[in-house]
Structure formats: structure tokens, C-alpha cells
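Below is one structure, written out as C-alpha cells, with a few remarks after it.
The values are calculated or read from the model by the stated rules, or taken from the named source; none is laboratory data. These numbers were taken from a predicted model, which means no experiment stands behind them. Cβ atoms come from the backbone with ideal geometry, glycine included; neighbour counts cover every protein chain shown.
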Amino acid sequence: MNQTNLEGSFLVAMPRMGDARFENSVIFVCAHSAEGAMGFIVNRPMGEVSIEEFFVKLEIVTESERGSLPDRLAGSTLHNGGPVEPGRGFVLHSPDYRGSGTIRVNEDVCLTATLEILRSIVAGKGPRDYMLALGYSGWSSGQLEDEIAANGWLVTHHAADIVFGGGDDSKYSRVMGAMGIDPVLLSADSGHA
């Protein structure tokens, strides 16, 4: 199978794609090969758990230290990265941080899934930009290509501010707008000439 490598690309869910878990999702693809693909939903915050609670739960900070977390954590949000391994944490981040296990996805985004990066963030020694996610989105061999061919996803390239920038509720419309697309006018049906 001749496939394009989608690492560093964004997948944008088509309207009425048929899977409520991905409705209006924007996914950053971190790995893509003949074996499958892996990415993270970047516009789905987890409202039930705050960053501070997450750090306390992992015992990175104590309950008494919680109030003294760095000011830059105040605006951070824990995200639902996808339905696979929802209890596992991942950090998408700017390349100014390199730790054990850091994988460079492209020139703007790295991925680290260790407690070391979380401790560095709390200590103020972590990456400048980051997004914390629980779980990831995964596809087996050929599955993502089939979903794209069935008109389930649009593929696009955008700046890292889509990953790290705020406004989770506007990321979907911002990406669509940057592509010149009004989601209301999209059809869920694929066409063939």
C-alpha cells in the first residue's frame, strides 16, 4: 500500500462521521506507519479533573502544595486525548524541553509520556508550551486510511498554536475556517467521478 505519512498533520472530523467519540474533533497525529497511527484530540478538555487535582493524584505535589503551583499552570487544562488507554498520561510540548523518552514529532511538537516531564513542569523547568492528555486515539494498520477514504476525516497542516493555543471550543472552527471550509456546508457523503 502506498501511503502518505501523516505524522505532524491534523485530522479534522467530518460532520456526521458516525462516531460520537470524535464528533467535532481535531486530532494531532504523532505516529503513522504501515502498522497503524496514533494521535491526540487537542480540542476536548476534561472538565471533571483539573491539572492541580491531576498532579495531587499522581503525588507530584501534596494537597498542601497545590495552592502554590506555578502561575502558568492556572490556565492549563487536562485533555481527553482519545479512547485508547484513558488512564495513561501524555504531554505534547514545544521542543525546548528534552527528557528521557521524548520523541520529536516535527520541528514544533514533541511527545513525552513520563512523570519526569510533569515534575519539570511543576518545578518551572518544563517546556514553554505544553498540552496534557489522558488517553490517545489509535488506528490499526490501514484503518485510518480507510476512514479518510470514507470521508470521515479531512487532513491538514497547521501551526502548533492549534495544539498549544487556548480556546479549545474554537479550534475546530478555526481549523475549518483556515481551510476555507464552512462545516455547515459539508456533506457526510463521499463522491466518485
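Observations, loosely collected:
- Among the criteria (1) at pLDDT 95 or above; (2) under 11 Å from VAL26 (Cβ atoms), the one SER140 does not fulfil is (2).
- Within the stretch 51-64, at least one residue is free of Cβ contacts under 8 Å to residues at least 40 places away in the same chain and at positive phi.
- Among the residues listed as GLY89, GLY99, the single one being in contact with a helix residue (DSSP H, G or I) (Cβ under 7 Å, 6 or more places away or on another chain) and farther than 21 Å from VAL12 by Cβ: GLY99
- Of all residues in the stretch 98-114, those satisfying the criterion of being out of contact with any Leu (no Cβ under 7 Å at 6 or more places or on another chain), more than 17 Å from PHE55 (Cβ to Cβ) and in contact (Cβ under 8 Å) with a residue 24 or more places away in the chain are ASN106, ASP108.
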